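Input: a single structure, listed below in C-alpha cells.
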Protein chains: 2
Amino acid sequence: MNSIKVFAPATVANVACGFDIFGLAVDNPGDEVILTRRNDSQICIQEITGDGGKLTKDPNKNTVTVPIIKYLESIGSNAGFDVVLHKKMALGSGLGSSSASAVAGVFAANELLGQPLKRKELLPFAMEGERVACGAAHADNVAPALLGGFVVVRSYSPLDVFQVPVPEDLFVSLIHPDVEVNTKDARHILKNEVSMNKAISQMGNVSGMIAGLMSSDYGLIGRSMVDFIIEPIRSILIPRFFEVKMAAMDAGALGCSISGAGPSIFAFSKGRETAEKVATAMKNEFETVNIQATTYVSTINVGGPKIL
Amino acid sequence: MNSIKVFAPATVANVACGFDIFGLAVDNPGDEVILTRRNDSQICIQEITGDGGKLTKDPNKNTVTVPIIKYLESIGSNAGFDVVLHKKMALGSGLGSSSASAVAGVFAANELLGQPLKRKELLPFAMEGERVACGAAHADNVAPALLGGFVVVRSYSPLDVFQVPVPEDLFVSLIHPDVEVNTKDARHILKNEVSMNKAISQMGNVSGMIAGLMSSDYGLIGRSMVDFIIEPIRSILIPRFFEVKMAAMDAGALGCSISGAGPSIFAFSKGRETAEKVATAMKNEFETVNIQATTYVSTINVGGPKIL
C-alpha cells in the first residue's frame, strides 16, 4: 500500500461540565487526509482544500504534519509522504478541527507503515498538532478523535485516558454559527482560580455525567449538563448563546452547552427525531439575527478515524 | 410495634477526590438507637452511652432527636418517643458519627410509624442532624448512612443524590487514631478558592473514580484516589498522616486518604486479605509514635440502616 485516505471525526470537548477532561467524537463532520509514500524522506504538503487559504503548507508548522514528523522520529523511520488535506469544517469552530487533521495524519502514517504502534500510542503525537494549533498539547479533542466515543482525560502527567460507554439512543446535535472565536482568546478570558463552591458543584455534575452515561440514565445525564465554571464566561463570546440554548431545551434536548471553546454549540437528546428538532430549533434561533449556521446530527462516533 | 432498635453505619465522606460529594457506608462501626412510643407527644432522651458525657440530652439540640422532630412536624404526626442512643464510635472521628446517629433516629421513627415516607425522603431530615453537629446540612455522610453503598451528592439545590454500584471485592480499611479533630476546624482551614488546574485534575479523578467503580476497574479506582484540593491542607492536622498513608500503600492498598474531616484514615484494597494487612500496617505506623488506633475492615455496606 503506497497511498491511503483517512477520515477523522470532529469532536465536542468539555461536554458541558468536563472542562479539559471530557470529549466525544461525532460521525460528521470530519477531515480527510491523503498520504502517499515518497521515494525520499521528505514530508511535503501538496494540497489543502477547504481552509480558505489560511493554513500553512510548512510541514514543521502544520497540524497534520507536525504529528507525523514527531511520530516518524519516535519510531526511527525515514519514510517520506506527500500530504493532501481536505478540511471539512471551519477553523476555530469549536469542533476540534485541528485535532481531526492531526489524528487523520498520524493515523494514516501508522497504517501505511503497517501499524508499528497501537492506536492509543499515537495520542502523544496527535497532541503535538494541538500544540501547533492552540499553544498547548490538550487531549480532550485529540483523544476522542483518535479513539472514538466519549473519552475522559483523567490525567496529563502521566497521560491517562479512558473511554466511557454511552447509551445507544444518545444523539448529538451540533451547530456551527458563522462567527469566529479564536481558541487562544477563548482560553485567555478564563480565570486561574475558581470558587470552592463552584468546583464542588462541577464535580457533582462530572460524577453525574459519567454515571448517567454508564447506566443509560438520560435524566441524570441531562441534570448533569450544567457548567458553573466555563460556560458563564465563554458564552459572552457567542452571540445569542442563551436564546439558542433555550430553543434547544424547549425542543426537547437533555442539555445544551458550548462545544469546546465555541462558537459551536452542542446538545444531547434521546433519539434521532428529537435531536433533529433540536438542531432545527437552534438554527432558526440564529437566523432570527441573520447568523447563518450549519447543523449536524449524529450518534456519538464509536470508531474514531477510518480508512476511506 | 411500640419499640425498635436500629443500627446505622459509619461512613467515609470525600473518598479522596470527591470533597462534599462522595460518601460510602461501611459495615462497622455504627451507632444504635432505641425508640419507644410514649403516650404523650414528647421526645425524651432517656440515655446516651459511649459519648463520654459529651452529647446534650436536650432534644432540640441533639443530632438524633432534631431530625425526628423535623420529620414529625413534616408528616404532621404528634407521636412522642423515648430515645436511647448507644454511640459505638468516637465523636469528631471523621467516621460520620453524627450522621449515623441522625439516620438511626429518623429511620427508626419512620419504621415505628409504619413507613409513611420512603427511605430517600428521610434524607432532608437526617441532614438537619448534620446542621446541629457541624453547622451545615451536608449530605455526604448522611446520604450513604441512610441509603447504603457509595453515594454521590450531585447537587444540593435541588437535592440530587444517587448510588454508584461498587465492585464485589472492594474492601475498606478504616483506622481511627486517638486524636481529636473538630469538623468545624477542619473545614475552617480550607480555602474558598481553588486553582483551575487543580480543579481540572480533581475532576479527572472524580470521573475516574465513578468509571472505575462502575466497571470494576480496580487500577483506575486506585489511580483516581488522588486529592489535590483537600488532603494537602487537612493532612497537617493529622499526626503522621503521610507515613501512615505510605504504610497502607506499601501493604498493597489501591489508594489511601483522609476519612471525612479526619483524623480517621481510610484505604481501598482489592480483597479482604489485603485490606486486613493494610489496616495492620496503618495501626503499626501510628504505634511507632505511641498513638493508639482502632481499625475496622469491611466491604462497602450496601444496606444502610437495619433493624436489630
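Each reported figure results from applying straightforward, stated rules to the coordinates on display, with no laboratory input. Here the structure is a predicted model, which means the values were calculated and not measured. Backbone-built Cβ (ideal geometry, glycine too); neighbour counts: all protein chains shown.
Think of the stretch A:129-287 as a dipole: +1 on every Lys or Arg Cβ, -1 on every Asp or Glu Cβ, centred on the Cα centre; then among A:Leu213, A:Ala267, A:Asn197, A:Asn197 lies furthest on the positive end.
Here the sum of -39500 (n - 2.57) over DSSP H runs of 4 or more residues, divided by the residues of chain A, equals -10500 deg cm²/dmol at 222 nm, to the nearest 500.
When B:Glu47 is represented by a point 7 angstrom out along its Cα-to-C-beta vector, the spacings to that point in the other copies are 9.1 nm, nearest first. Each Lys or Arg adds one and each Asp or Glu takes one away; over the other residues whose Cβ falls under 15 Å from the Cβ of A:Lys57, this sums to -1.
For B:Asn290, the point set 7 Å out from Cα toward Cβ sits 8.4 nm from its twins in the other copies, listed from shortest up. Quick one: among A:Ile175, A:Ile236, A:Ile221, which has the greatest mean-square fluctuation in a GNM of chain A with alpha-carbon springs under 10 angstrom? The residue that fluctuates most here is A:Ile236. Listed from fewest to most Cβ neighbours within 10 Å, the set A:Val161, A:Val226, A:Val103 follows the order A:Val226, A:Val161, A:Val103. Here the relative contact order of the stretch B:212-266, from alpha carbon pairs under 8 Å that lie six or more residues apart, stands at 33 percent. Averaged over the residues of peptide B:21-33, the number of Cβ atoms from other protein chains lying within 10 Å of each residue's Cβ is 1.
Could you work out, residue by residue across B:146-158, how many beta carbons of other chains sit within 10 Å of that residue's beta carbon, and then give the average as an integer? Spell out each step's value before the answer.
On the way: counts 0, 0, 0, 0, 0, 0, 8, 4, 14, 8, 4, 1, 1.
Going residue by residue through B:146-158 and averaging, the value is 3.
Ratio of Rg to Rh for the stretch B:3-164, alpha carbon only, Kirkwood? Please report the intermediate quantities before stating the final value.
On the way: Rg = 14.4 Å, Rh = 15.2 Å.
On the Cα set of the stretch B:3-164, Rg over Rh gives 0.94.
Quick one: of A:Lys283/A:Lys306; A:Lys5/A:Lys61; A:Lys245/B:Lys120, which pairs are farther than 25 Å apart, Cα to Cα? Over 25 Å apart, Cα to Cα: A:Lys283/A:Lys306; A:Lys245/B:Lys120. Largest first, the extents of the alpha carbon coordinates of the stretch A:170-299 on the three principal axes equal 40, 36, 20 Å. Relative to the dominant Cα principal axis of chain A, helix A:123-134 is inclined by about 70°. Note the angle between two axes, namely the Cα long axis of helix A:196-214 and the longest principal axis of the Cα atoms of chain A, as a number of degrees from 0 to 90, rounded to the nearest 10. Relative to chain A, helix A:196-214 is tipped by roughly 70 degrees. Remark: relative contact order (the stretch B:3-164) = 30 percent; criterion is Cα-Cα distance under 8 angstrom and separation of 6 or more residues.
Going from the alpha-carbon gyration tensor of the stretch B:99-200, what semi-axes, largest first and in whole Å, does one get by taking the root of 5 times each eigenvalue?
In descending order, the three semi-axes are 26, 18, 17 Å.
What FRET efficiency would be calculated for the residue pair B:Glu111, B:Thr280, taking the C-beta separation as r and a Förster radius of 45 Å, to the nearest 0.05? Working from the Cβ atoms, E equals 0.75. On the basis of the beta-carbon distance and an R0 of 41 Å, A:Ser41 and B:Leu190 show a calculated FRET efficiency of 0.15. The DSSP beta bridges internal to the stretch A:1-106 are antiparallel in roughly 75% of cases. Both radii are taken from the alpha-carbon atoms of chain A; with Rh as the Kirkwood radius, Rg/Rh is 0.97. Counting only Cα atoms, the size of the protein assembly as shown along its three principal axes is 91, 59, 36 Å, in decreasing order. In degrees from 0 to 90, rounded to the nearest 10, what is the angle of the helix B:97-112 Cα long axis to the longest principal axis of chain B? Compared with the principal axis, the helix lies near 40 degrees. Taking a label point 7 Å out from Cα toward Cβ, give me the nm distances from B:Asn60 to the same spot in the other copies, shortest first, one decimal. Distances between equivalent label points, in nm: 8.0.
Using C-alpha pairs under 8 Å with a sequence gap of at least 6, the mean separation divided by the residue count of chain A gives a relative contact order of 25 percent. Comparing B:Leu113, B:Leu91, B:Leu159 in a Gaussian network model of chain B (Cα springs below 10 Å), the most mobile by mean-square fluctuation is B:Leu159. Computed on the stretch A:202-241, the Cα convex hull volume stands at 67 Å³ per residue.
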